[in-house]
1. Do you know which residues across the stretch 107-147 are assigned to a helix (DSSP H, G or I), charged (D, E, K, R) and surrounded by 17 or more Cβ atoms within 10 Å (Cβ to Cβ)?
2. Of all residues in the stretch 64-81, count the ones that are within 19 Å of Lys134 (Cβ to Cβ), over 13 Å from the mean Cα position of the chain (by Cα) and part of a helix (DSSP H, G or I).
3. Return only the number of the condition from (1) more than 29 Å from Ala76 (Cα to Cα); (2) surrounded by fewer than 16 Cβ atoms within 10 Å (Cβ to Cβ); (3) out of contact with any helix residue (DSSP H, G or I) (no Cβ under 7 Å at 6 or more places or on another chain); (4) of a type outside the set (Val, Ile, Thr) that Phe197 does not satisfy.
4. Which residue out of Ala104, Ala76, Ala64, Ala51 is out of contact with any strand residue (DSSP E or B) (no Cβ under 7 Å at 6 or more places or on another chain) and more than 30 Å from Gly26 (Cα to Cα)?
5. Condition first: of a type in the set (Ser, Thr, Tyr), modelled with pLDDT of 95 or more and under 23 Å from Ala118 (Cβ atoms). Can you find one or more residues in the stretch 47-66 that meet it?
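The values are calculated or read from the model by the stated rules, or taken from the named source; none is laboratory data. Only a predicted model underlies this, so the values are computations on that prediction, with no experimental measurement involved. Here the Cβ is made from the backbone with ideal geometry for all residues, glycine too, and neighbour counts use every protein chain on show.
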Amino acid sequence: MPGVNPAPGPPPLERELLEELRARTGLRSHRIQGIPVADKAVADLALPILAEWYERLDDVDYRAAIVLTFSNSPHAHPYLDTVLQWWKRETEPRITGFLTQLVAQLMRNGDAVKVFEASKEVPPDPFRIFILSKLARAPSTAKEAKDLILRNLQTGAYHPAELERISRVNDERIRAWFFDHLNDPDEHIRSVSNSLFPARTSHLQ
């Protein structure tokens, strides 16, 4: 159509990845995140190739796109060990955050010990509590995870964004910490604390 520019295709590196995917599997996609990995047959074909490319890429945006594509698949659990290695080696904070959420998504109770050990090698980020709260429910790591969460509260080694999820951890010591902070000068701490004890808050009013 005269005067209308065609829609731009993917950048060269992404096009190379997608062309390799098509050549090896017959799958076609215009974007990495457009690969329909919710379908198990597609995931079985595409995820191994995406995992290979993650190891080869220096580009932050493409690594992020691959991690997010794994996050879009309910069939990615077999790659947990691979993802843990990415998580421990990644130096880009934005991707580390995506990987933290992916690890939390993939983790099952049987994975708790190795996930907990891996987490000790990764600098904390605001999404750490997604993993710790699951570890706190896994029989093999519950006590150690709850102890760590409590210690982080007591020493201030937490991100404010973690507080609401921390408050849901089933541990009386953690609830007691929030009870002791009902009148905390920090508005956010006070708000989360009061949401746990509405009857107490109502009585005080």
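1. Passing the criteria: Asp111, Arg128, Lys134, Lys146.
2. The qualifying residues number 4.
3. Here Phe197 clears every test but (3).
4. Answer to the check: Ala104.
5. Among the residues of the stretch 47-66, at least one is of a type in the set (Ser, Thr, Tyr), modelled with pLDDT of 95 or more and under 23 Å from Ala118 (Cβ atoms), which makes the answer yes.
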